[in-house]
1. Could you pull out every one of the strands (runs of 3 or more DSSP E) wholly within the stretch 104-223 that has 1 or more residues that are in the same structural domain as Asp93 (by TED's automatic domain parsing) and in contact with a helix residue (DSSP H, G or I) (Cβ under 8 Å, 6 or more places away or on another chain)?
2. Condition test on Arg143, is it among the basic types (Lys, Arg) and farther than 28 Å from Lys82 by Cβ?
3. Looking at the stretch 1-31, which of its residues are basic (Lys, Arg) and modelled with pLDDT under 95?
4. Might you check whether a residue that is farther than 23 Å from Leu96 by Cα, surrounded by 14 or more Cβ atoms within 10 Å (Cβ to Cβ) and of a type in the set (Phe, Trp, Tyr) occurs anywhere in the stretch 227-249?
5. Looking at the structure I just gave you, is Tyr85 surrounded by fewer than 17 Cβ atoms within 10 Å (Cβ to Cβ) and out of contact with any Gly (no Cβ under 8 Å at 6 or more places or on another chain)?
6. Tell me which strands (runs of 3 or more DSSP E) are completely within the stretch 1-90 and hold 3 or more residues being under 28 Å from Leu163 (Cβ atoms), under 19 Å from the mean Cα position of the chain (by Cα) and not β-branched (Val, Ile, Thr), or say none if there are none.
7. I want to confirm something. Restricting to the stretch 250-260 and keeping residues that are in contact with a Phe, Trp or Tyr (Cβ under 9 Å, 6 or more places away or on another chain) and over 22 Å from Ser118 (Cα atoms), which single residue is surrounded by the most Cβ atoms within 10 Å (Cβ to Cβ)?
8. Looking at the stretch 203-225, is at least one residue under 30 Å from Ser109 (Cα atoms) and not hydrophobic (A, V, I, L, M, F, W, C)?
Amino acid sequence: MEKQPLVSIIMPVYNGGLYLREAIQSILDQSYKNFELLILNDGSTDNSEKIIGEYKDARIIAKSQENQGLIRTLNSLIHLAKGTYIARMDPDDVMLPERIRLQVEYLNSHPNVGLVGSWIQVIDSNSDTLGTIKYPVTNTGIRITLAFRTAFTHGAVMLRRSLQPVYSLAYPHAEDFELWCRLLQQTYGANIPQVLYQWRFHASSTSNTLRTPQGQMAKKIKKQYGKALLQHPPAELTNELAKEVKYRGIWPQWKFFFKILLHYPFLSFTRKFLFALFTVQSNHTS
């Protein structure tokens, strides 16, 4: 009897040939092995299809289609997925060897968490390190961040297929940001405080080529979801804030408070966050 994969790794590819071998190999080199890798070539005009065809690993399921765009391609891949968990991957990035194992272990041991990301290392076109992004690690920290900007790197996220994630065509270039905000209305989020993913920043990356439309979409998303994300202060607010301070320091939390105060001055969350912040700072400096 064929073993059902626990994880479906989905990778849309459009003209990704330059870094595609490195991306695929980083998946095959994962310490965790019970996965399927679903690759959908979205009408590439470079050598992407040829490169994909070089791999004969039985866990790889590769398909090609006429160009449909990223959002439709992602939704098609999710429809094909068989795993309990769905992990994203971009064709110009790199998974570090323990990424899938650690995210699977986290979701297995935290049934209330529906999506989990990680800290990331930013690399350039030569794979040289440019820096590290330390995203918030708790559900509260993620909700606060999402009220203003994204709290995950798209390719580094693993989520439960039972959430029935579907990317909206109404938010091109920020479809991931909108999905996280929408899913956080029904589940919890987390980031593992370790670098498990290398995100490549280069001349043709989306963040470079589509900065203006991406920013416009982000404003639309923040207007729609910002207040809702902060509507209900959790009972564990002080404990979660203390955890954020442990991993990311006290000053980023104060900066978030001033942002919250500016944009949402009358929410009960704003008052409770300030009280929790004073409590945590007092314990942190004592």
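The values are calculated or read from the model by the stated rules, or taken from the named source; none is laboratory data. Note that the coordinates shown come from a computational prediction; the quantities given were computed from them, not determined experimentally. Positions of Cβ are generated from backbone atoms using ideal geometry, with glycine treated the same way; all protein chains shown enter the neighbour counts.
1. The strands (runs of 3 or more DSSP E) meeting that bar are 113-123, 158-160, 188-200.
2. Numbers: among the basic types (Lys, Arg): yes; farther than 28 Å from Lys82 by Cβ: yes.
It is true that Arg143 is among the basic types (Lys, Arg) and farther than 28 Å from Lys82 by Cβ.
3. Of all residues in the stretch 1-31, those basic (Lys, Arg) come to 3, 21.
Lys3, the sole residue that qualifies.
4. no
5. No: the conditions fail for Tyr85.
6. Working: elements: 7-13, 35-42, 60-65, 85-88.
Filter on the stretch 1-90 gives 7-13, 35-42, 85-88.
7. Applying the first criterion (in contact with a Phe, Trp or Tyr (Cβ under 9 Å, 6 or more places away or on another chain)) to the stretch 250-260 yields 253, 256-257, 259-260.
After this cut, where a residue has to be over 22 Å from Ser118 (Cα atoms) as well, the list is 257, 259-260.
Values: Phe257: 18, Lys259: 15, Ile260: 20.
Per the stated criteria, the residue is Ile260.
8. Going through the stretch 203-225, the residues under 30 Å from Ser109 (Cα atoms) turn out to be 225.
When the remaining residues are screened for being not hydrophobic (A, V, I, L, M, F, W, C), the result is 225.
For the stretch 203-225, residues under 30 Å from Ser109 (Cα atoms) and not hydrophobic (A, V, I, L, M, F, W, C): present.
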